[in-house]
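To start, the structure itself, in structure tokens.
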Amino acid sequence: MAISEAIERAASDEGTKYSLGSVLNHVLLHQTIVGQEAVIQMEKAGDFPDIVIAPFGGGSNFAGLSFPFLRFNLEEGKKVRCIASEPSSCPKLTRGVFRYDFGDTVGMTPLLPMYTLGHNFVPAPIHAGGLRYHGAGVVVSQLLRDKLIEARAHDQLEVFDAGVKFARAEGIIPAPEASHAIATVVQEVERCKREGKSETILFNLCGHGNFDMKAYEDYFAGKLQKHEITQADIEASLAQLDTPVI
């Protein structure tokens, strides 16, 4: 909705131009400064990640951290798993379809080949910030289609449980958006324990939860819900699309 309103504002004023600040390829590449710095940080630490994890809304966060590490998969003897973490109530990567769609709800952006739930999709009122976006960036979508990256979906209660675990262990209260990545980290750590493996996991703690205390309060009070989405809901949203099928 914010994207649509910004475009509407720009379209109504000849002196105003609008550049989409998320999802599009140039934004994903711009954000890779995060991953490039992380590569150097890992080198200074004398280590290298086996797994790179980041929360996923439209792709800027995930692409920014993971893209610089994907190139290492072209080198002999190195394999980095890159996992995008999204809400199970807005699962464009794990349950969406790959087809042309708009980046905004009104349909004013160029058509983009992406994994999408449909630009008319209305997500549940979960605490996930930008992760409630209906589609995925073009490059990320193609990488997933080519099975070069992975995607994982988590429900809201699982996300807050992971956030609380992290806060108690590290003394940092993570934002719900960042806690989606932490939920995936928890799953991968538990897998490593079961398999008796020691792996290095790099994830993006992209925001603190100091302004999300009411959400944590509701979680402890048992007021938050999982908000699982049915396949019928997804199909109903996709049925409204009249954009080209790939």
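Every number here is computed from the coordinates shown, using simple stated rules; none is lab data. Since the model is a prediction, treat every value here as computed from it, not as a measurement. Here the Cβ positions follow ideal geometry from the backbone for every residue, glycine too, while neighbour counts run over all protein chains shown.
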### Message
Nearest 5 percent is fine: what portion of the DSSP beta bridges confined to the range 21-239 is antiparallel?
### Response
35 percent
### Of A128, A45, A136, the one that fluctuates the most in a GNM where the chain has Cα springs shorter than 10 Å
A45
### Task
Only helical DSSP H runs with n ≥ 4 go in: add -39500 (n - 2.57) per run for the chain, normalise by residue count and round the 222 nm mean residue ellipticity to 500 deg cm²/dmol.
-12500 deg cm²/dmol
### Summary
The longest stretch of the chain containing none of the trypsin sites (Lys or Arg not before Pro) that sit in a DSSP loop with at most 10 other Cβ atoms within 10 Å is 80-146
### Task
Would you grab the residues whose amide H sits under 5 Å from the one on M114? Only those 5+ places off in sequence or on another chain, please, with H modelled 1.01 Å from N.
R99, Y100, D101
### Message
For D233, D155, which order do you get if you count the other beta carbons within 10 Å of each Cβ and list the fewest first?
### Response
D233, D155
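Sorting F62, F72 on the 10 Å Cβ count, fewest up front, what's the list?
Fewest-to-most ranking of F62, F72: F72, F62.
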### Query
Please report, for the Cα atoms of the range 72-217, the Rg to one decimal and the Dmax as a whole number; what are they, in angstrom?
16.5, 51
### Task
Kindly write out, for the range 126-136 in residue order, the coupling ³J(HN,Hα) from the Karplus curve 6.51 cos²θ - 1.76 cosθ + 1.60 (θ = phi - 60°), rounded to whole Hz, with x marking Gly and Pro.
8, 8, 9, x, x, 6, 8, 6, 6, x, 10
### Message
Please list 3J(HN,Hα) in residue order for the range 230-246, calculated via the Karplus relation 6.51 cos²θ - 1.76 cosθ + 1.60 where θ = phi - 60°; whole Hz, with x for glycine and proline.
### Response
8, 5, 5, 5, 5, 5, 5, 5, 5, 5, 7, 6, 10, 8, x, 8, 8
### Message
Per 0.36 nm of contour for each residue apart, how much would the distance between K147 and R191 grow if the chain were fully extended, relative to their Cα-Cα spacing?
### Response
13.8 nm
### Task
Could you run the Karplus curve 6.51 cos²θ - 1.76 cosθ + 1.60 with θ = phi - 60° over the range 191-205 and give me ³J(HN,Hα) per residue in whole Hz, x for Gly and Pro?
4, 4, 5, 5, 8, x, 10, 10, 10, 8, 10, 10, 9, 9, 8
### Query
Kirkwood Rh, Cα Rg: Rg to Rh for the range 1-59?
1.20
### Summary
Quick note, the range 151-191: a/c under 1.5 would make it rounded; otherwise a/b > b/c is prolate and the rest oblate (a ≥ b ≥ c, C-alpha gyration tensor); here it is oblate
#### Entry: Solvent-free Debye scattering, log10 I(q)/I(0), computed from the Cα coordinates of the chain at q = 0.08, 0.11, 0.18 Å⁻¹
-0.31, -0.60, -1.44
### Fluctuation leader among Q156, Q41, Q142 - the chain, Gaussian network, Cα springs under 10 angstrom
Q41
### Query
Ranking F160, F98 by Cβ neighbours within 10 Å, fewest first, what do you get?
F98, F160
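Return a whole-number percent for the relative contact order of the chain, with Cα pairs under 8 Å and 6 or more residues apart as the contact set.
Numbers: 446 pairs, mean separation 54.2, N = 246.
So the answer I get is 22 percent.
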### Query
What is the log10 of I(q)/I(0) for the range 1-135, computed with the Debye formula using one identical point scatterer on each Cα and no solvent, at q = 0.19 Å⁻¹?
-1.11
### Message
Could you tell me how far the Cα centroid of the range 1-18 sits from the Cα centroid of the range 100-163, in Å?
### Response
22 Å
